Every structure is written in C-alpha cells, then in structure tokens.
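Below: one structure, written as structure tokens.
The numbers here are math on the coordinates, done by the rules we state, and not lab data. Because the structure is a prediction, the values reported are computed rather than measured. Every residue, glycine among them, receives a Cβ derived from its backbone with ideal geometry; neighbour counts consider all protein chains shown.
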Amino acid sequence: MKSKDEIVEEVRAVREAYAAQFNFDLKRIFADLEEMDVEDSTPHADLKPMKPRREAR
C-alpha cells in the first residue's frame, strides 16, 4: 500500500486548477506561460554549449 505524498497531491491540485482556467486548452495554457516568461525579468541561465578549452601544458 502506497502512502499519499502531500506535496505531490498539492502540486497536482494546483496544476489541475491552472489548466481548468483555460478549459484544459493546451494552446491557451502555452500562450499564457509564454506571456509570463516574457514579463518575467528574472535572469535565466545561458544553456548554450561551451567550446572546449585546451589545457596548457
């Protein structure tokens, strides 16, 4: 018997409520998330691959 994880249950409830705001329409959800990302001024990591450096011998 698995016990319920309260955090997982809370995250699922929040996700369900958020999706319900958009009638579970993925295009509308994605558009909202993109809009939030544009409005967010928090710095993001640059995930571009780095060029390998040669080690000095």
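Just the number, please: Stokes-Einstein D of the chain in µm²/s, Kirkwood Rh from C-alpha pairs, 4 °C, 1.567 mPa s. Diffusion coefficient, whole number: 83 µm²/s. Near LEU33, once Lys and Arg are set to +1 and Asp and Glu to -1 for all other residues with Cβ below 14 Å from its Cβ, the sum equals -4. If R0 is taken as 30 Å, the Cβ-Cβ distance between GLN21 and LYS48 corresponds to a FRET efficiency of 0.30.
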